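Beneath this line is the structure, given in structure tokens, with notes to follow.
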Amino acid sequence: MAVYKRGRVWWYRFTWKGDAIRESTRQTNKRVAEQIEAAHKTSLAKGEVGLRDRKPAATIRQFANRDFLPFCRSTFAARRKTLSYYENGIARLLEYPAVADESLDTINSEKIAGYAQRRQYAGMKELAPPFPIRSRA
């Protein structure tokens, strides 16, 4: 049993087929919370309750056009250089289809490294850090 208290209410957390299940019992009694957790595990084992389906994640392109750029345009309307910085960064990111058309929850380090390699190949150099990096030898 993995019940724990957050404030006055007991919550439970367990792993089912590789997915973490974490929910509030909405109870202040520990024994009742343990019973609720056991009932949830039992219903999952019997197949009575399916795991709640996640909403499909947006792609970078969808997120940029629907959420990020409108936010930047409304927030930085008076700061033209800041706005152009974000618009330029998103435009460069959307030029690389391996990242632009990928959903947000599937972006990994290989795709990011591919994007960085493409930018370096195009003539963009890594920026030097604003301070010298010293090794602790």
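Some notes on this structure:
- Qualifying residue in the stretch 44-55 (condition: exposed (fewer than 11 other Cβ atoms within 10 Å of the Cβ) and modelled with pLDDT of 90 or more): no
- Condition check for Ala58: farther than 30 Å from Ile90 by Cβ, at pLDDT below 95 and small (Gly, Ala, Ser): no
- Scanning the stretch 62-90 for residues that are surrounded by 12 or more Cβ atoms within 10 Å (Cβ to Cβ) and aliphatic (A, V, I, L, M) gives Ala64, Leu69, Leu83, Ile90.
- Scanning the stretch 94-120 for residues that are hydrophobic (A, V, I, L, M, F, W, C), within 19 Å of Arg66 (Cβ to Cβ) and loosely packed, with under 13 Cβ neighbours inside 10 Å turns up just one, Leu104.
The values are calculated or read from the model by the stated rules, or taken from the named source; none is laboratory data. Everything quoted here is computed from the prediction, not taken from an experiment. All Cβ positions, even for glycine, are placed from backbone atoms using ideal geometry, and neighbour counts span all protein chains on display.
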